[in-house]
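Below you'll find the structure I mean.
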Amino acid sequence: MKKKTKVLIFISLAAVITAFAVYQYTFNSSHRDIASEAAFTSITAQSMHQEFSSDEASASQNYLDQVIAITGVVSEKTKESLTLDNLVYVVMSQPLPKEIEVGTEWSIKGRCIGYDGLLEMVKIDQATTITKTD
């Protein structure tokens with residue numbers, strides 16, 4: 001074989017191996033299980049909202065992508081989301097349990113994904129219920 005052909009085969013083989021490694025790392029890595037992680041901190045919905053509205057950069061540094069246990073009164077609910085104290089929007093990882101009603105206080109554990117300045121709400125996703133607090 002000519003030297004050019006050998007180099008071309010080697011480069012093609014290296015490209016295939018690299019593509020396979022990137023695919024395995026990207027699509028087959030283990031995903032984070034928020035429900036089984038311990039909460040980084042516990043906080044009320046009002047306190048968390050106050051921190052984000054007064055200093056979003058500092059609050060983002062503290063809470064962004066952290067598992068947070070947050071307590072508040074359910075002000076709105078849908079099949080898979082709820083709002084605590086009209087300040088924190090929570091997307092559940094499973095449909096809401098039937099016992100969660102508007103006006104009751106609950107502790108929710110989930111991942112903080114940031115603050116929506118337009119709606120002035122903290123956003124939590126992958127949440128699970130912890131306990132009814134009242």
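Only one of Leu64, Leu13 is open to solvent by 60 Å² or more (accessible area, probe 1.4 Å) and in contact (Cβ under 8 Å) with a residue 40 or more places away in the chain. Can you tell me which?
Leu64
Now a separate question. Select from the stretch 16-41 the residues that are surrounded by 10 or more Cβ atoms within 10 Å (Cβ to Cβ), more than 13 Å from the chain's Cα centre (by Cα) and among the small types (Gly, Ala, Ser) and list them in ascending order.
Ala19, Ala21
Something else now. Any idea which residue in the stretch 69-84 is nearest to Pro97 (Cα to Cα), counting only those that are open to solvent by 40 Å² or more (accessible area, probe 1.4 Å) and either of a type in the set (Lys, Arg) or touching a residue at least 24 places away in the same chain (Cβ under 8 Å) (or both)? Reasoning before the result, please.
Start the filter on the stretch 69-84 by keeping residues that are open to solvent by 40 Å² or more (accessible area, probe 1.4 Å), which leaves 73, 76-80.
Subset that is either of a type in the set (Lys, Arg) or touching a residue at least 24 places away in the same chain (Cβ under 8 Å) (or both): 73, 76-77, 79.
Values: Val73: 15, Glu76: 14, Lys77: 11, Lys79: 9 Å.
Within the stretch 69-84, the match that is nearest to Pro97 (Cα to Cα) is Lys79.
Which is crowded, with 19+ Cβ neighbours inside 10 Å, among the aliphatic types (A, V, I, L, M) and free of Cβ contacts under 8 Å to residues at least 60 places away in the same chain, of Ala127, Ala45, Ala59?
The match here is Ala59.
The values are calculated or read from the model by the stated rules, or taken from the named source; none is laboratory data. All figures in this text were calculated on a predicted structure; none of them were measured in a lab. Every residue, glycine as well, gets a Cβ built from its backbone with ideal geometry; the counts of neighbours run over all protein chains shown. Heads up: the accessible areas ignore ligands, DNA and RNA and are worked out on the full protein's heavy atoms, side chains in. Shrake-Rupley method; radii C 1.70, N 1.55, O 1.52, S 1.80 Å.
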